[in-house]
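Chemist: Would you mind keeping the following structure in view while I ask a few things?
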Amino acid sequence: MTAIRPNFLKLLAPLAAFACVFILLVSFGPSGDVDLPESAGADADIPPGASTDQRIEILQRAARDGVAGAGGYAALGDAYLQKVRETGDPSYYTRAQGSFDAALRRDARNVDAVLGAGALAGLRHDFRKQLRLGREALRLTPELTSPYPVIADAQIELGRYGAAERTLQRLLDSKPNLSSYSRVSYYRELTGDLEGAVQAMRLAISAGAASPENVAYVQTLMGDLELQRGRPAAARMAYRAALARLPRYPQAEVGLARVQNSAGDLGDAARRLRSVSGRLPLTSHLILLADTDAARGDKAAAARDLEVVRAQQQLLRSAGTRPDAELILFEANHGDPATAVRLGRRLWAQAPSVRSADALGWALTRAGRPDEGLDWSRRALGLGSRDPMFHLHAGLAAQQAGQAGPAARELSTALAAGVALSPLQTEQARTALEVLR
């Protein structure tokens, strides 16, 4: 991973005129997005400006009438994935899988279907399958860049950072656009170079895209980076810019709630988060809402929020989604730490990334094994991450392991970017630091 540091100027070198391209960004965790092929309309006439529901209806009709070829089924799968993005309903994963399977039965070499299936595998946290399908798409179409985002995203989640660097370089050399620059930004974030991450994200925003959602997405990521840098005013500006681009955009609304939390405006933050969660009940939104409700003293509301999280996790399991770091942290904090440890070890075996290491470390700490937890926290911080949650977990593990000096350093680092933490996490860090002092 460290090899990318001297090459970063190269990663930012291609500054040719940017073409506005359609990039469907599908969120699946901290890396944020994967490219899906623009297959919609391959075997059916999709009118310009058609909504996702209209696209699905037209493509379903073509399938029923027997006129949908491989491209039509691939487009239907893409539409189902977009529906997940809009509603948070993971049951559409199963429908998308059926559509991609139908496309590949008709044409095993259809690259749209291969890439769509790869994107779906990533969303279900099966990153080895995602990598295999990305490489298969590249073998089928070595002249295209569309397989590189799928490959790079899988490599990062599998902890193959050197390989991901090389893939990102090829992507950026071939196609410097919003998608490639946003991935470079995330890569830089993982190494702790937040300034470089912001620089790359500015290039992503400048590159633009035909879809307002894509630009709003990267503007929101810019706000998240500014929170990590301890700059809530700059973060607020980025979130508002995203909402100006796409009103009521859920991720930007959540960003504004995080800014409100950092300012102590817990009531307004909770109201905003409850509104967003009603429209898009993602686990991350609901956990933040629960933390906010608990911090403002509404324990009953927090308990209800956590029950919705459990229901959402059950839906994800039913849709074939594997446990990820977010689920393990939730289990460690609000469920059974021993179960979290078991799930964390399984996650590490499947996807040995820094986020997996952090989740397993925190699960061990919560299970009363802080020495082991601290070892895994240090592994999570091995790339130089400045993620305040990583440092919070390391600090609390060190405190419980009786290592006062490292605990104080890690907790102080976490609080330096405390505006990026939830209210409960901030209180945890402050309380622990006071005890140490």
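The values are calculated or read from the model by the stated rules, or taken from the named source; none is laboratory data. Keep in mind the model is a prediction, meaning the values are calculated, not measured. Virtual Cβ from ideal backbone geometry, glycine too; neighbours counted across all protein chains shown. Note: accessible area is taken over every heavy atom of the protein model, side chains too, but ligands, DNA and RNA are not part of it. Shrake-Rupley method; radii C 1.70, N 1.55, O 1.52, S 1.80 Å.
Chemist: Starting from segment 411-437, take each residue that is part of a helix (DSSP H, G or I) and list its partners that are of a type in the set (Val, Ile, Thr), counting only C-beta distances under 7 angstrom and pairs at least six apart or across chains.
Modeler: Going by the 7 Å Cβ cut-off, the qualifying pairs are Gly418/Thr426; Pro423/Thr292.
Chemist: Among residues belonging to segment 208-237 that are of a type in the set (A, V, I, L, M) and within 22 Å of Met389 (Cα to Cα), point out the one that is most open to solvent (accessible area, probe 1.4 Å). Before you say what the answer is, go through the steps one by one.
Modeler: In the first step, residues of segment 208-237 are kept if they are of a type in the set (A, V, I, L, M); the result is 209-210, 215-216, 218, 221-222, 225, 227, 233-235, 237.
Filter once more, so that each one left must be within 22 Å of Met389 (Cα to Cα): 218, 221-222, 225, 227, 233-235.
Details: Val218: 0, Leu221: 35, Met222: 16, Leu225: 5, Leu227: 0, Ala233: 59, Ala234: 24, Ala235: 0 Å².
For segment 208-237, the residue satisfying everything is Ala233.
Chemist: Okay, next question. Report yes if some residue within segment 159-169 is open to solvent by 30 Å² or more (accessible area, probe 1.4 Å) and not in a helix (DSSP H, G or I); otherwise report no.
Modeler: Step one: filter segment 159-169 for residues open to solvent by 30 Å² or more (accessible area, probe 1.4 Å), giving 160, 166.
The next check asks that each one be not in a helix (DSSP H, G or I); those that pass are 160.
Scanning segment 159-169 turns up at least one residue that is open to solvent by 30 Å² or more (accessible area, probe 1.4 Å) and not in a helix (DSSP H, G or I).
Chemist: Report, by residue number, each residue of segment 326-352 that is in contact (Cβ under 8 Å) with a residue 60 or more places away in the chain and open to solvent by 10 Å² or more (accessible area, probe 1.4 Å). Break it down stepwise before answering.
Modeler: Taking segment 326-352 as the starting set, the residues that turn out to be in contact (Cβ under 8 Å) with a residue 60 or more places away in the chain are 326, 350-352.
Across segment 326-352, the qualifying residues are Glu326, Gln350, Pro352.
Chemist: Just the residues that are of a type in the set (Asp, Glu) and crowded, with 19+ Cβ neighbours inside 10 Å, please, taken from segment 353-392. Write out each step before concluding.
Modeler: Keep residues of segment 353-392 that are of a type in the set (Asp, Glu), which gives 358, 371-372, 375, 387.
Listed by number, the residues that qualify are Asp358, Asp387.
Chemist: If you check Val276 against the conditions, is it open to solvent by less than 20 Å² (accessible area, probe 1.4 Å), under 20 Å from Met389 (Cβ atoms) and either free of Cβ contacts under 8 Å to residues at least 12 places away in the same chain or under 21 Å from the mean Cα position of the chain (by Cα) (or both)? Working first, answer last.
Modeler: Values: open to solvent by less than 20 Å² (accessible area, probe 1.4 Å): yes; under 20 Å from Met389 (Cβ atoms): no; either free of Cβ contacts under 8 Å to residues at least 12 places away in the same chain or under 21 Å from the mean Cα position of the chain (by Cα) (or both): yes.
Against the criterion (open to solvent by less than 20 Å² (accessible area, probe 1.4 Å), under 20 Å from Met389 (Cβ atoms) and either free of Cβ contacts under 8 Å to residues at least 12 places away in the same chain or under 21 Å from the mean Cα position of the chain (by Cα) (or both)), Val276 does not qualify.
Chemist: Still on this model: Quickly run through segment 106-119 and pick out the residues that are assigned to a helix (DSSP H, G or I) and either out of contact with any Asp or Glu (no Cβ under 9 Å at 6 or more places or on another chain) or surrounded by fewer than 24 Cβ atoms within 10 Å (Cβ to Cβ) (or both).
Modeler: First pass over segment 106-119, keeping only residues assigned to a helix (DSSP H, G or I): 106, 111-119.
Residues satisfying the conditions are Arg106, Val111.
Chemist: Show me the helices (runs of 4 or more DSSP H) entirely contained within segment 246-329 in which 1 or more residues are over 17 Å from Thr426 (Cβ atoms) and modelled with pLDDT under 95. Explain how you work it out, then say what you get.
Modeler: On the way: elements: 250-262, 266-279, 283-295, 299-318.
Here the list reads 266-279, 283-295, 299-318.
Chemist: Kindly check whether there is at least one residue in segment 193-209 that is modelled with pLDDT under 95 and not in a helix (DSSP H, G or I).
Modeler: The answer is yes, given that some residue of segment 193-209 is modelled with pLDDT under 95 and not in a helix (DSSP H, G or I).
Chemist: So for segment 303-314 (the condition being under 26 Å from Lys83 (Cα atoms), touching a helix residue (DSSP H, G or I) at 6+ places or on another chain (Cβ under 8 Å), of a type outside the set (Gly, Ala, Ser) and touching a residue at least 60 places away in the same chain (Cβ under 8 Å)), does at least one residue qualify?
Modeler: Within segment 303-314, one or more residues are under 26 Å from Lys83 (Cα atoms), touching a helix residue (DSSP H, G or I) at 6+ places or on another chain (Cβ under 8 Å), of a type outside the set (Gly, Ala, Ser) and touching a residue at least 60 places away in the same chain (Cβ under 8 Å).
Chemist: Give segment 334-393 a look and list any residue that's over 17 Å from the mean Cα position of the chain (by Cα), aromatic (Phe, Trp, Tyr) and closer than 20 Å to Ala414 by Cβ, or say none.
Modeler: Within segment 334-393, Trp362, Trp376 meet the criteria.
Chemist: When the residues of segment 91-105 are narrowed to those that are under 20 Å from Glu157 (Cβ atoms) and touching a residue at least 40 places away in the same chain (Cβ under 8 Å), which ends up least open to solvent (accessible area, probe 1.4 Å)?
Modeler: Tyr93
Chemist: Name the residues in segment 335-390 that are of a type in the set (Gly, Ala, Ser) and closer than 22 Å to Glu427 by Cα, would you? Give the derivation first.
Modeler: Our first condition is that a residue be of a type in the set (Gly, Ala, Ser); within segment 335-390, this holds for 335, 338, 340, 344, 349, 351, 353, 356-357, 359, 361, 363, 367-368, 373, 377, 380, 382, 384-385.
Listed by number, the residues that qualify are Gly335, Ala359, Gly361, Ala363, Ala367, Gly368, Gly373, Ser377, Ser385.
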